[in-house]
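> Structure below; questions to follow.
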Amino acid sequence: MTHYIERLHAAVRRTRTAALVGLDPRFDQLPPNVIAAAKQRATSERAIQAAAFEEFCRRIIDIVAPLVPAVKPQAAFFEELGPDGCVALANVMRHARRAGLIVICDAKRGDIGSTAEAYARGYLAGADPHAAAWAADALTVNPY
């Protein structure tokens with residue numbers, strides 16, 4: 001099993017850049033065709049936004065996958081939409097992993113003891129994207 005840092009270094013070498021792409025979707029800034037498609041698939045406002053976020057981020061991932069080693073989805077924009085947003089975030093992260101990208105979940109988690117361990121178990125998948133619910137390679141933290 002390769003460790004995160006080894007996979008990150010390999011991805012940086014492969015793409016010849018250390019740049020990553022942040023995935024910070026904002027509904028009012030999405031292309032109209034993405035919103036229209038989401039309205040065809042969902043009915044509630046939150047579900048529509050989640051579907052639009054997922055579609056937009058998937059499109060970005062498909063474009064940038066050969067160019068950068070990693071993407072960094074901002075969990076807050078998805079989590080604020082409740083369960084629909086959380087499902088969309090998980091789908092975006094798995095799509096990025098399938099595209100060969102390192103996924104750094106921008107979730108600013110910061111805690112101690114059992115709570116920090118629970119965040120790690122839930123988010124950090126390591127080399128196997130199916131080893132954790134969220135399939136992230138890394139997670140931003142906010143130490144206090």
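The values are calculated or read from the model by the stated rules, or taken from the named source; none is laboratory data. Since the model is a prediction, treat every value here as computed from it, not as a measurement. Positions of Cβ are generated from backbone atoms using ideal geometry, with glycine treated the same way; all protein chains shown enter the neighbour counts.
> Name the pairs whose Cβ atoms lie under 6 Å apart, with the first residue in the range 1-13 and in contact (Cβ under 8 Å) with a residue 40 or more places away in the chain and over 15 Å from A65 (Cβ atoms), the second surrounded by 11 or more Cβ atoms within 10 Å (Cβ to Cβ) and of a type outside the set (V, I, T), and 6 or more positions between them or separate chains?
If the second residue must be surrounded by 11 or more Cβ atoms within 10 Å (Cβ to Cβ) and of a type outside the set (V, I, T), the pairs left are M1/A127; T2/A127; Y4/D137.
> Test each condition in (1) more than 24 Å from I5 (Cα to Cα); (2) at pLDDT 95 or above; (3) surrounded by 21 or more Cβ atoms within 10 Å (Cβ to Cβ); (4) not polar (S, T, N, Q) for L81 and report the one that comes out false.
(2)
> Kindly provide the set of residues from the range 101-144 that are surrounded by fewer than 20 Cβ atoms within 10 Å (Cβ to Cβ), aliphatic (A, V, I, L, M) and more than 19 Å from T2 (Cβ to Cβ), ordered by number.
I112, A116, A118, A133, V141
> Of the residues R59, R98, R94, only one is modelled with pLDDT of 95 or more, under 19 Å from Y4 (Cβ atoms) and exposed (fewer than 15 other Cβ atoms within 10 Å of the Cβ); which?
Only one candidate passes the filter, namely R98.
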